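Everything on this sheet refers to the single structure shown next.
The values are calculated or read from the model by the stated rules, or taken from the named source; none is laboratory data. Bear in mind that the values here come from a model prediction, so they are computed numbers and not experimental data. Note: ideal-geometry Cβ built from the backbone for every residue, glycine included; neighbour counts use all protein chains shown.
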Amino acid sequence: MLKKIFALFAIFVAVVMPARAELKVDIVAGALEPTSIAVQKFETSVGVADADAKMIREVVESDLKRTGLFRIVSHDAFPEHVKMGEMPNFKSWMAIKTQVLVQARMNVEGGNKYKLEFFVWDINGTEQIEAQSLVASKKSARRLAHIMADAIYERLTGEVGYFDTQIVFIAETGPIHKRVKRMAIMDYDGYGMRYLSDEKTFVMSPHFSPNMRTVVFLSYRDDDPMVWSLDLDTGAQRRLGQFGGMNFAPRFSPDGKKIALSLVKNGITHIYEYDMENKTLRQLTFGDSIDTSPSYSPDGKKMAFNSDRSGRQQIHVLDLDTLAEERITYGAGRYATPAWSPDGQFIAFTKIADDTFYVGIMDPRGRNEKILAGGWFMEAPSWAPGSRRIVYYETEKADDDIERISHIRSVDITGQNIYDIDLPDNVNGLEPTWSPRLM
């Protein structure tokens, strides 16, 4: 459980060296020329497991390479090993076209903790641009790697890092005619997947609370489709409330105090907002249309949702103070599953047109639509912290006797660098939601 993880983990940021000249990675166009970065072998003291030092280095390199913005310099090409506290031979590193050099040292503190210090050098600028010290329990060594990679990424790009995060999703197993759907959680790169629900209850649509302590989801427990919550610290589950009808598609408000959901009453589906402190339910949409897939704006003042009130499924935006709504999509096809980016600059969506599914982004007024990926079936876009990447799932069209396979994929907002997130064998991934930063 997360509380146990956090109890084992403590991070202390030491000193950050200001740069005299800015080294910035060009992220606007997806970095057509990746920045070359060399990560040296870590210096270690007595008590540091060589396997842990090697693992952290490899994870840092993998995190940075996965962005598509960085090229990892081959270890065999290194001209020297620069000891911590010493200056690099900048000309030697320039000769192999290295732009960034990372040094690191690991020590043991208190017997059960690692202290990780690292320096980042701008080779062309001939200066140190970052210096940090992190402390964590030995059991949390892999998180040290993600936090170190986040720090490097943030210093070089100016954007919020997203490596120290998790993804909650529906893990699907079994034959096509007898699929089992269980809620599962994993690190953003697929590591450490574990199940959060059993095989007995059909579940869908999991979403994190802003503080990462709770997941809300749709459960068909006792064949009664209702929204439930899961406490990630204790594992306890509870029904959200008695609303007098089927309810689904839950989403937390940015302050974590309310949950938006769709509720079916008298055959009509509308969006409601449940205040968890006061245990009150407020209706947000009205009429005879089907309104669902609510997504709050990051300031909590507006909500995007999809509705068929115009005769075809489109995305609308609702003002939560006045309840005035505005349709924002008018393109060919149907639009669904809106997801507001954490920085408020974009709304991600699913689009269905010409028998093809697409995942794309647009601004909050519905303009500047950009398609990022397309395929036989894809849905459920969710944003990484920093609003740089989106995670979604894609199902491949099955051939005659081949069962359909669903992948969890991630794409950059430029539409470049699409990759699959590794899952265990024979596990399909559906409905992923990216967490906020863990710390």
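For residues that are among the β-branched types (Val, Ile, Thr), under 24 Å from the mean Cα position of the chain (by Cα) and under 26 Å from VAL108 (Cβ atoms), tally how many sit in the stretch 30-82.
Within the stretch 30-82, residues that are among the β-branched types (Val, Ile, Thr), under 24 Å from the mean Cα position of the chain (by Cα) and under 26 Å from VAL108 (Cβ atoms) number 3.
Among the numbered conditions (1) of a type in the set (A, V, I, L, M, F, W, C); (2) over 30 Å from GLN416 (Cβ atoms); (3) touching a residue at least 24 places away in the same chain (Cβ under 8 Å), tell me where ALA304 comes up short.
Of (1) of a type in the set (A, V, I, L, M, F, W, C); (2) over 30 Å from GLN416 (Cβ atoms); (3) touching a residue at least 24 places away in the same chain (Cβ under 8 Å), only one is false for ALA304: (2).
Please pick out the residue among VAL160, VAL215 that is within 20 Å of the chain's Cα centre (by Cα) and buried (at least 18 other Cβ atoms within 10 Å of the Cβ).
Working: VAL160 fails: buried (at least 18 other Cβ atoms within 10 Å of the Cβ).
Of VAL160, VAL215, the one residue that is within 20 Å of the chain's Cα centre (by Cα) and buried (at least 18 other Cβ atoms within 10 Å of the Cβ) is VAL215.
Given (1) in a strand (DSSP E or B); (2) at negative phi; (3) among the polar types (S, T, N, Q), where does SER205 come up short, assuming only one miss?
For SER205, the exception is condition (2).
Which one of the conditions (1) crowded, with 19+ Cβ neighbours inside 10 Å; (2) at pLDDT 95 or above does ASP299 fail to meet, given that it meets all the rest?
The one condition ASP299 does not meet is (1).
Out of curiosity, is GLU326 among the acidic types (Asp, Glu) and closer than 19 Å to ILE347 by Cβ? Working first, answer last.
Working: among the acidic types (Asp, Glu): yes; closer than 19 Å to ILE347 by Cβ: yes.
Yes: the conditions hold for GLU326.
Counting only residues that are touching a helix residue (DSSP H, G or I) at 6+ places or on another chain (Cβ under 9 Å) and under 14 Å from ILE37 (Cα atoms), give me the strands (runs of 3 or more DSSP E) lying completely in the stretch 75-174 with at least 1 of them. First the steps, then the outcome.
Numbers: elements: 100-109, 113-122, 127-137, 166-173.
So the answer is 100-109, 113-122, 127-137.
Check every one of the strands (runs of 3 or more DSSP E) wholly within the stretch 248-300 and list those with 2 or more residues that are over 18 Å from ARG213 (Cβ atoms) and either of a type in the set (Ser, Thr, Tyr) or outside the structural domain of ASP319 (by TED's automatic domain parsing) (or both).
Details: elements: 258-265, 268-275, 280-283, 291-296.
Filter on the stretch 248-300 gives 268-275, 291-296.
For the stretch 30-49, give me each residue that is within 23 Å of PRO79 (Cα to Cα) and either at pLDDT 95 or above or surrounded by 15 or more Cβ atoms within 10 Å (Cβ to Cβ) (or both).
PRO34, THR35, SER36, ILE37, ALA38, VAL39, GLN40, LYS41, PHE42, GLU43, THR44
The rows are residues; the columns are (1) surrounded by 14 or more Cβ atoms within 10 Å (Cβ to Cβ); (2) charged (D, E, K, R); (3) more than 17 Å from GLU277 (Cα to Cα); (4) modelled with pLDDT of 95 or more.
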{"site": "ILE185", "(1), (2), (3), (4)": "yes, no, yes, yes"}
{"site": "LYS200", "(1), (2), (3), (4)": "no, yes, yes, no"}
{"site": "PRO225", "(1), (2), (3), (4)": "yes, no, yes, no"}
{"site": "LEU232", "(1), (2), (3), (4)": "yes, no, yes, no"}
{"site": "MET246", "(1), (2), (3), (4)": "yes, no, yes, no"}
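May I ask you to say which residue of GLU394, GLU403 is touching a His at 6+ places or on another chain (Cβ under 6 Å), in the same structural domain as ARG179 (by TED's automatic domain parsing) and either among the acidic types (Asp, Glu) or modelled with pLDDT under 95 (or both)? Don't jump to the end; show me each part of the working.
On the way: GLU403 fails: touching a His at 6+ places or on another chain (Cβ under 6 Å).
Residue meeting the stated conditions: GLU394.
Keeping to the stretch 406-439, report how many residues are in a loop (DSSP other than H, G, I, E, B) and either outside the structural domain of ASP189 (by TED's automatic domain parsing) or farther than 19 Å from TYR358 by Cα (or both). Quick ask: steps written out before the conclusion?
Narrowing the stretch 406-439 to residues in a loop (DSSP other than H, G, I, E, B): 413-418, 421-427, 435-439.
Filter once more, so that each one left must be either outside the structural domain of ASP189 (by TED's automatic domain parsing) or farther than 19 Å from TYR358 by Cα (or both): 422-427, 435-439.
Final tally of qualifying residues: 11.
Where the second residue is in a loop (DSSP other than H, G, I, E, B) and among the charged types (D, E, K, R) and the first is at negative phi and lies in the stretch 110-130, which pairs have Cβ atoms under 7 Å and are six or more apart or on separate chains?
GLU127/ARG20
If I ask for residues that are more than 25 Å from ALA332 (Cβ to Cβ) and part of a strand (DSSP E or B), which ones from the stretch 304-321 would you list? First the steps, then the outcome.
Start the filter on the stretch 304-321 by keeping residues that are more than 25 Å from ALA332 (Cβ to Cβ), which leaves 319-321.
ASP319, the sole residue that qualifies.
Look through the stretch 390-405, keep the residues that are crowded, with 22+ Cβ neighbours inside 10 Å and touching a residue at least 60 places away in the same chain (Cβ under 8 Å), and return whichever of them is farthest from PHE208 (Cα to Cα).
Filtering the stretch 390-405 down to residues crowded, with 22+ Cβ neighbours inside 10 Å leaves 390-394.
After this cut, where a residue has to be touching a residue at least 60 places away in the same chain (Cβ under 8 Å) as well, the list is 391, 393.
On the way: VAL391: 14, TYR393: 17 Å.
Per the stated criteria, the residue is TYR393.
Being touching an Asp or Glu at 6+ places or on another chain (Cβ under 8 Å), part of a helix (DSSP H, G or I) and not polar (S, T, N, Q) is the filter; apply it to the stretch 60-74 and report the residue that is farthest from ILE152 (Cα to Cα).
Only one residue fits best here, namely ARG66.
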